Amino acid sequence: MTAILPAKSAADRLTTLFWRKPKLLLALLITPPLLWLGVIYLGSLAALLLQSFYSIDEFSGMVVREFTLKTYGELLRPQNYDIILRTLLMSAAVTIGSVILAFPIAYYAARYARGRWKAVFYLGIMLPLWSSYLVKVYAWKLILAKEGILTWAATQTHTNFLLDAALALPGIGGNSLSTSYIGMFLVFTYVWLPYMILPMQAALERVPTSMLEASQDLGATRAQTFRTVIVPLALPGIIAGSIFTFSLTMGDYIIPQIVGNSANFIGMAVYQLQGTAGNTPLAAAFAVIPIVIMLIYLSLAKRAGAFDAL
Amino acid sequence: MPAAVEFRSVSRHFGPASAPVKAVDGVDLTIAEGAFFAMLGPSGSGKTTCLRLISGFESPTAGEICIFGENVSNTPPHLRNVNTVFQDYALFPHMNVRDNVAYGLMVKGMGRAQRYAKAEEMLALVHLDAYGSRKPGQLSGGQRQRVALARALVNEPKVLLLDEPLGALDLKLREAMQDELKSLQQRLGITFVFVTHDQHEALSMADSLAVFNDGKIAQIGTPAQVYAQPKTRFVADFVGSSNVLPPALTQSLGGPAKWSSLRPESLHLDPAGPLQGTVTSLRYLGSGHRVAITTQGQDIAAILPSGTQLPEPGSEARLSFAPGALHIMDEA
Ligand SMILES: Nc1ncnc2c1ncn2[C@@H]1O[C@H](COP(=O)(O)OP(=O)(O)OP(=O)(O)O)[C@@H](O)[C@H]1O
Ligand SMILES: [Mg+2]
């Protein structure tokens, strides 16, 4: 009797093994990234959480490795509480500003741009991401400065009164745009906008035209279609984008240092506590806040039905 | 009484005027109130565009469209008393079935209790009373189709447009839905305009139908007229796959020197038949057999009932037909 099949090589035996046990191959492929995610990513997060439950000895300045809620209590001190509130408000404002700016752009790109215009759109959104973040922030500082191009343009067009009115606003105004919360808001919105546009555009792209037509067909005006069909269907994208803009603003420590009135933000506080003050537990407690806020935000969004269209 | 829908030399061209795509080209059409009207035609023949002209998602580049005597050429879709069942159903995935059906009433500002009551009524009409709280994603294709139907009917439209509504369903469900659509239409008395590329569906459901070809109407009439007396070669071939005979062959069968058509089921084997040729193919159809012979370079197909003694492929066979089965077409 002769063999019908030729003798198998080692490679054949291996592929046969994988064919018979597909889970084995999957396990081999997925283990390294899972290790990365589990150990390095989540592990460091756990270490952070652990740190925040330690405290610092006020006399020696040494970290006391004992479980305590004392550090979290410190967060509630007025000056720390102000930092948290300020960061939260700025993040919310930046997110809302980004949603408003991004929606028309994303809508146009998803529904109307075709071929070459689509390429122009992607390039326009991505191009700013290719240059250094610091360069962009410093460029904005120059644009917003008292001697900057914005003031110059306002003078030339005799619209100084608008600029002055904005700067005279209590709380968010200031000496010049580059030293005010308004300026900081503008810079934050500029640097994070692409992270809002892209997920929004992806969500809008998935809405079939026939769904908008069905709404119109049933008697809805454009405004009604927008409110009852487009926004709910784009909501998962809006939420995804807002996770980016919100958490990126909450954690940033460079923009508040360069633009604005040097008021403290969470990122800056973490930077200072960790570096100069050596108060790692408090830095860790500060760093936990954005995480908690994001979790609350997501669960609220889920409860409101934001992910129903997924 | 004005017609439900009337097209007066309506054209819809796309693209540059120098080289337009003539999706709909000079169509004249009258659809009577309460009719079940089918638009039949091959892919790309302009059926969907015609439907969109009625619903208002396309506007004519020439001609005018009247709905119940009113010129609607410049009326936006949301102001037309016409509703559509979309080919992909286009149900709103974030709303449950009840909200989907009640949508047309909600945008008109009807209160919640009232519109839900009406929605339940519509769901009962399509036998989906128990499904109001489900999301469209949790329904089967046939159920989705019914929801789309209920949603389109809730506004009590004067004309209901259906774009290949049964295209995505399997054969059995399709047949069940055909019966149901037909009886629903008769009960409600609404004018239905139904697009399909399935000739059986069009013939069995419609009161009258239009056969489209290349943006033009090739023939318009009752199913019996279109089936038995096709006006052109295209209609003869497309509706019921008739044998289309060139003038010479028609003449040899005793007709005038014109194109003619012969229905495959009107032919039978006959040793003395006038059509003689070589059997080129034999196919089993379930309900019978389809035999094709070649004569004078022309393929002629016949459908023979089960139990007939079948000729061998490659052998000679003769076919004849009942007097009057040969239909002479006007087209040169
Ligand atoms: N928006 C458009 N722009 C350009 N050409 C179009 C447009 N809509 C339709 N057409 C063209 O018009 C012709 C008719 O299209 P239509 O969709 O009406 O065909 P149909 O009969 O519904 O076909 P099917 O059975 O495949 O759905 C086609 O050649 C199509 O390419
Ligand atoms: Mg179509």
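The values are calculated or read from the model by the stated rules, or taken from the named source; none is laboratory data. Source: prediction; values computed, not measured. As a convention, Cβ positions derive from the backbone with ideal geometry for all residues, glycine included, and neighbour counts pool all protein chains shown. To get the accessible areas, we keep the full protein, side chains included, count just its heavy atoms, and leave off ligands, DNA and RNA. Shrake-Rupley method; radii C 1.70, N 1.55, O 1.52, S 1.80 Å.
A few comments on the model shown:
- Where helices (runs of 4 or more DSSP H) fall entirely within the range A:212-282, those with at least 1 residues that are hydroxyl-bearing (Ser, Thr, Tyr) and more than 10 Å from every other protein chain (Cβ to nearest Cβ) are at A:231-251, A:266-274.
- Single residue of A:Ser9, A:Ser52, A:Ser44 found to be within 20 Å of A:Ala284 (Cα to Cα), loosely packed, with under 11 Cβ neighbours inside 10 Å and out of contact with any strand residue (DSSP E or B) (no Cβ under 6 Å at 6 or more places or on another chain): A:Ser44
- Test: residue in the range B:279-294 that is open to solvent by less than 10 Å² (accessible area, probe 1.4 Å), without any contact (Cβ under 8 Å) to a residue 40 or more places away in the chain and touching a His at 6+ places or on another chain (Cβ under 9 Å): no
- Any chance A:Tyr138 is aromatic (Phe, Trp, Tyr) and either over 19 Å from A:Ser262 (Cβ atoms) or under 17 Å from the mean Cα position of the chain (by Cα) (or both): no
- Within the range B:213-229, considering residues that are farther than 22 Å from B:Lys182 by Cα and at pLDDT 90 or above, the one nearest to ligand 1 (Cβ to nearest atom): B:Gly215
- Of the listed requirements (1) in a strand (DSSP E or B); (2) under 26 Å from B:Leu53 (Cα atoms); (3) touching a helix residue (DSSP H, G or I) at 6+ places or on another chain (Cβ under 8 Å), B:Leu203 misses just one: (1).
- Only helices (runs of 4 or more DSSP H) whose full extent lies in the range B:214-332 are considered here, and the ones with at least 3 residues that are under 30 Å from B:Pro20 (Cα atoms) are B:233-238.
- Any hit, the range A:253-264, residues being of a type in the set (S, T, N, Q), farther than 21 Å from A:Met196 by Cα, modelled with pLDDT of 90 or more and open to solvent by 40 Å² or more (accessible area, probe 1.4 Å): yes
- Residue ID - farthest from ligand 1 (Cβ to nearest atom), chosen from residues in the range B:158-179 that are under 14 Å from B:Phe86 (Cβ atoms) and open to solvent by less than 40 Å² (accessible area, probe 1.4 Å): B:Leu160
- Taken over the range B:209-235, residues that are more than 15 Å from the chain's Cα centre (by Cα) and either in the same structural domain as B:Gln298 (by TED's automatic domain parsing) or within 23 Å of B:Ile303 (Cα to Cα) (or both) amount to 7.
- Taken together, A:Leu193, A:Leu212, A:Leu177 contain a single residue that is at pLDDT below 90 and surrounded by 19 or more Cβ atoms within 10 Å (Cβ to Cβ), which is A:Leu177.
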